[in-house]
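Here it is: the structure, laid out below.
The values are calculated or read from the model by the stated rules, or taken from the named source; none is laboratory data. This one's a predicted model, so the numbers in the text were calculated from it and none came from an experiment. Glycine gets a Cβ as well: all are built from the backbone with ideal geometry, and neighbour counts include every protein chain shown.
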């Protein structure tokens, strides 16, 4: 069984910092799992989406590959 913190105020402040941390700070704490995809919302100009879609199915994978290349990965 965990001990109660000696100073409840310190415990409350730590809990508040944890709950209100910026997403980037929380992401550093998370363990990255290779190969796992994350769902995001991304606003892209319609002409760019149409360009990727012209080659048919798999356009999302081609867009990811282009983003990887741009990121140098």
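Hey, can you tell me all the residues within the stretch 50-59 that are touching a helix residue (DSSP H, G or I) at 6+ places or on another chain (Cβ under 8 Å) and either in a helix (DSSP H, G or I) or surrounded by 10 or more Cβ atoms within 10 Å (Cβ to Cβ) (or both)? Outline the logic, then answer.
Our first condition is that a residue be touching a helix residue (DSSP H, G or I) at 6+ places or on another chain (Cβ under 8 Å); within the stretch 50-59, this holds for 52-53, 55, 59.
Answer for the stretch 50-59, where residues must be touching a helix residue (DSSP H, G or I) at 6+ places or on another chain (Cβ under 8 Å) and either in a helix (DSSP H, G or I) or surrounded by 10 or more Cβ atoms within 10 Å (Cβ to Cβ) (or both): 52, 53, 59.
Also, quick follow-up: Checking the structure you have, find out if any residue of the stretch 24-47 is assigned to a helix (DSSP H, G or I) and either modelled with pLDDT of 80 or more or touching a strand residue (DSSP E or B) at 6+ places or on another chain (Cβ under 9 Å) (or both).
As a first pass, look at the stretch 24-47 and keep what is assigned to a helix (DSSP H, G or I): 24-29, 46-47.
Filter once more, keeping what is either modelled with pLDDT of 80 or more or touching a strand residue (DSSP E or B) at 6+ places or on another chain (Cβ under 9 Å) (or both): 46-47.
Yes - at least one qualifying residue is present in the stretch 24-47.
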